[in-house]
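Here is the structure we will look at, set down as structure tokens.
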Protein chains: 2
Amino acid sequence: MKRKPAKDTGEESGGTAPGGIQALDAALSVLRVLRSFDGPAALSDIAREAGMPPSKVHRYLASFIHAGLAVQKERSGRYDLGREAAELGVAAISRNNFVVRASDELEELAAATGQAALLAVWSHHGPTVVRLERGPNLTTTSIGLGSTFPLLDSATGRIFLSYLAQQQLAGRLHHELERAATAGVSWPDLNPDVASVEALTAKVRRERVAYVDGRFIPGLSAISSAITNWQGEIEVAVTLFGTHKELLEPGSATRTALVDFASRHSIVPPAQLGNASDRAR
Amino acid sequence: MKRKPAKDTGEESGGTAPGGIQALDAALSVLRVLRSFDGPAALSDIAREAGMPPSKVHRYLASFIHAGLAVQKERSGRYDLGREAAELGVAAISRNNFVVRASDELEELAAATGQAALLAVWSHHGPTVVRLERGPNLTTTSIGLGSTFPLLDSATGRIFLSYLAQQQLAGRLHHELERAATAGVSWPDLNPDVASVEALTAKVRRERVAYVDGRFIPGLSAISSAITNWQGEIEVAVTLFGTHKELLEPGSATRTALVDFASRHSIVPPAQLGNASDRAR
DNA sequence: GAAATGCATTGCATAATACGCAAATAGGAG
DNA sequence: CTCCTATTTGCGTATTATGCAATGCATTTC
């Protein structure tokens, strides 16, 4: 096969895996480009973004379509991710033991509290719904798998805000703070500045729950708690939501059940096993 | 590159996409194999399942790992799906509106089967038509966008009756059962009592279709199937209808096409996420 | 209405690259 | 320590992916 005859400057292994296959690396980078679009994308746009000739990308896409990872809409249309991509993602998520175990009991939690319940994990877009259990009282909602929540404005978001490492949050947090500042928005319990956010997250970690009342979705109250792994990092957020504000009260049965649920599915880091940095290296 | 020197029996395009790339097709089939396992898998198992030499699979996996689609656990360990796979799936699902996706092909379904076709979703009033494709043979009908169907009396309604959670149906189902009981109505295949309804829905779930012949609308036969999401919950019902009763027969081309259409647009949940039939009732 | 533009798609010749085989290395068990 | 299983890596070959350019299709522009 030919290579671009021009540059061969010596810097060779720029994006190739050791022991991997060049063509496959190239193809997978196209898949990532396809994912990075918000919706269906034209061949020329994908090719430009990937830095490859359209004919090459077209052949990759033909194989992706064959595998079901991509689809082509309408006659002579644009490309989008396909059903197989969705199934792959669901399978990947279901390999996460925390999600699987919590899913098994999520229905019980919803039934016991009489509220709708969801599980969310962090993906690079933000907190993302991976499991949803509609309660008896909630018929319709704009929330579904793949929905993402804001960090500042939602119970689920605030849990990640409080438990996730600063550097993972940084990009999105800055963005939301800036938007809030320029729009002149502020909330009853939060101002759009770093100090105020710090105070909020401290409170959330102390109480082990975060909540909002009818802010992100009008008329809907939500309360969320964290399921953590052996390092004390958040793996999943569990959120209950409904139309009554009473579920937020410190002593409420709902709140107690939620915290209990989160604790039972968390792994409490053993306190006196030496600190993690010793074991890490 | 070499090919298996032995068999080249002439059966050529067994699994290759037209205009696609052979190596990529092979690699993606490995990805699918990896997904088909319940958890982490050994190289030799993946290779055997994919029908390829381990060295080939190993190189594919190296590229998958490089792209984040796969991970290798521990030292010299087994392979599993990676974070990028989850992100890919979330992206696919969040931009994937079941109604829109199915709408794109509804016309083809109608043309291929020669029947009229519709899509219906659940709104608080009941099954509601959101897309309608009049077939070549059907000129006029009382069905239009926004029409709602009864639960007991229509193919579309019976699909929702069989796949939707009990609590969402409760109100309307009670109402219809009561009306039928007081009016003394009954049907050839259904009595207005809970046990009879239960038997019907079990049959529907088993056969994956529900149908009626000229009952809801005299002289009109209809057959319906469910498009389900990642949790096994119904998102949309697809219904074909026409004046001939033959389309209801188990082996008919129409029925086969319908079930195929529905499964192609459904997301099959992995076994570990708990199965939907447990939660359905 | 006709030309023109912007796409996606597809032959084709070439040599670059992925493949199969087999050797090597690592890990685990007895 | 030794064997055994399973993963990883070199290497030569010809199969196959690639860039280029021509084709086809559709929508737009004048």
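What follows draws every value from the coordinates through simple rules; no lab data is involved. Treat the numbers as computed from the prediction; the structure is a model and nothing was measured. Here Cβ is always computed from backbone atoms with ideal geometry, including for glycine, and neighbour counts include all displayed protein chains.
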query = Helix A:166-183: angle to the longest alpha-carbon principal axis of chain A, degrees 0 to 90, nearest 10?
reply = 80
Environment charge at residue A:98 (Cβ cut-off 13 Å; Lys +1, Arg +1, Asp -1, Glu -1) = 0
remark   = Longest principal axis of chain B (C-alpha) makes with the long axis of helix B:194-207 (C-alpha) an angle, in degrees to the nearest 10, of 40
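Hey, with R₀ at 25 Å, roughly what FRET efficiency would residue A:193 and residue A:166 work out to, going by the Cβ-Cβ distance, to 0.05?
Values: r = 16 Å, r/R0 = 0.62.
With a Förster radius of 25 Å, E is 0.95.
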request  = Kindly express, to the nearest 10 degrees and within the range 0 to 90, the angle between helix B:253-265's C-alpha long axis and the longest C-alpha principal axis of chain B.
outcome  = 60
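Only Cα pairs under 8 Å and at least 6 apart count here; give the relative contact order of region B:98-280 as a rounded whole percent.
Rounded, it is 22 percent for region B:98-280.
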request  = May I ask you to report, in nm to one decimal and beginning with the shortest, the distances from residue B:39 to the same position in the other copies, taking label points 7 Å along Cα-to-Cβ?
outcome  = 4.2
message = Report the number of Lys pairs in chain A whose alpha-carbons are under 25 Å apart, with separation of 8 or more residues or on distinct chains.
response = 5
ask   = Plugging the Kirkwood radius over Cα pairs into Stokes-Einstein for the protein assembly as shown, at a temperature of 10 °C and a viscosity of 1.306 mPa s, what D comes out in µm²/s?
value = 60
message = Less than 12 Å Cβ to Cβ from residue A:124, Lys/Arg counted +1 and Asp/Glu -1: what total charge do the surrounding residues give?
response = +2
query = Across the residues of A:249-257, average count of Cβ atoms on other protein chains within 10 Å?
reply = 0
query = With N residues in region B:164-281, what two-decimal value do you get for its Cα radius of gyration over 2.2 N^0.38 Å?
reply = 1.15
query = Rounded, prolate or oblate: which one fits region A:22-84, using the alpha carbon gyration tensor with axes a ≥ b ≥ c (rounded when a/c is under 1.5, else prolate when a/b beats b/c, else oblate)?
reply = rounded
note = Calculated from DSSP helices alone, with each H run of at least 4 adding -39500 (n - 2.57) and the total divided by the residues of chain A, [θ]222 nm to the nearest 500 comes to -14000 deg cm²/dmol
message = Taking a point 7 Å out from Cα toward Cβ as the label site, list the nm distances between residue A:55 and the same residue in every other copy, smallest first.
response = 3.2
message = Students often check this: by mean Cβ neighbours within 10 Å, which of A:232-244, B:224-236 ranks highest, and how do the rest follow?
response = B:224-236, A:232-244
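Take peptides A:160-167, A:182-189, B:92-99, B:148-155 and line them up by average Cβ neighbours within 10 Å, highest first, as a rough protection proxy.
Working: A:160-167: 17.4, A:182-189: 10.8, B:92-99: 20.5, B:148-155: 22.5.
Taking the mean over residues of other Cβ atoms within 10 Å, the ranking is B:148-155, B:92-99, A:160-167, A:182-189.
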note = In nm², the average projected area of the convex hull spanned by the Cα atoms of chain B is 18.9
request  = Mind listing the label-point distances from residue A:112 to the same position on all other copies, shortest first, one decimal in nm, points 7 Å along Cα→Cβ?
outcome  = 4.6
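How charged is the neighbourhood of residue B:21? Take every other residue with its Cβ under 14 Å from the Cβ of residue B:21, and add Lys/Arg as +1 and Asp/Glu as -1.
Once all neighbours under 14 Å are counted, the net charge is 0.
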